[in-house]
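To keep things clear, I will list the structure first and then write my remarks on it.
The values are calculated or read from the model by the stated rules, or taken from the named source; none is laboratory data. All of these numbers come straight from a predicted model, not from anything done at the bench. Neighbour counts run over all protein chains shown; Cβ positions are idealised from the backbone, glycine included. Surface accessibility is based on the protein's heavy atoms, side chains included, excluding ligands, DNA and RNA. Shrake-Rupley method; radii C 1.70, N 1.55, O 1.52, S 1.80 Å.
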Amino acid sequence: MVWLDVYDREEDLAFTAGLMNGLGSVLIYMGDPSAANEINQHIDETHSRALLEINRLGFTSEEVCAELCRRWKFSPELIGTLAYCGDPMAIENAPLSAYVVHLARFITQSQRRGLDEEIMLASFPYPVAERLGLSKTSIAENLSEILALESGLEGLID
């Protein structure tokens with residue numbers, strides 16, 4: 001079944017990109033800790049990380065991560081996913097996996113900030129979700145279940 005192979009590749013691609021997408025931020029911290037700290041201090045509802053990174057550094061952490069993967073000779077699909085996951089709507093034909101990673105990052109960051117479901121739903125990136133075929137209704141109905149999922153990786157840092 002060809003469609004199943006494609007699905008499996010997309011799923012693996014999104015999973016791998018999800019694991020790797022923070023590497024750009026790590027490299028920025030390593031290269032310029034004061035700039036990274038300044039950026040983190042100013043992130044809020046009106047100042048996105050990407051905008052702060054561009055204003056302070058001239059590039060985004062997604063671009064840094066994608067460049068690292070380019071140098072490591074990873075697949076163009078993974079590189080594209082990582083390059084565009086910060087704002088997949090900004091480019092025509094961004095990989096669907098970039099949309100998936102974008103939503104996963106939104107949910108994770110919202111949880112880390114302690115936002116409740118109502119606030120998350122009010123600021124949810126619905127255009128990104130709609131590109132994946134997810135409606136506002138389905139997101140509202142399933143958000144509790146999604147938030148209850150755990151990666152199983154938490155025990156690795158104990």
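For the range 29-50, the criterion of being at pLDDT below 90, in contact with a helix residue (DSSP H, G or I) (Cβ under 6 Å, 6 or more places away or on another chain) and not in a helix (DSSP H, G or I) is satisfied by at least one residue. Condition first: farther than 23 Å from Glu10 by Cβ, within 16 Å of the chain's Cα centre (by Cα) and open to solvent by 80 Å² or more (accessible area, probe 1.4 Å). Can you find one or more residues in the range 140-157 that meet it? Within the range 140-157, none of the residues are farther than 23 Å from Glu10 by Cβ, within 16 Å of the chain's Cα centre (by Cα) and open to solvent by 80 Å² or more (accessible area, probe 1.4 Å). Could you tell me which residue of the range 23-60 is nearest to Leu82 (Cα to Cα), considering only residues that are of a type in the set (Asp, Glu) and open to solvent by less than 60 Å² (accessible area, probe 1.4 Å)? In this case the residue turns out to be Glu53. Of all residue pairs spaced 6 or more apart or on separate chains, those with beta-carbon atoms under 9 Å, a first member in the range 129-158 that is modelled with pLDDT of 90 or more and a second member that is part of a loop (DSSP other than H, G, I, E, B) are Ala129/Ser135; Arg131/Ala94; Lys136/Phe124; Ile139/Phe124; Ala140/Phe124; Asn142/Leu134; Leu143/Phe124. Among the conditions (1) in contact with a Gly (Cβ under 8 Å, 6 or more places away or on another chain); (2) of a type in the set (S, T, N, Q); (3) closer than 19 Å to Lys136 by Cα, the only one that Ser123 does not satisfy is (1).
Looking only at the range 78-130, residues that are basic (Lys, Arg) and assigned to a loop (DSSP other than H, G, I, E, B) come to 1 in all.
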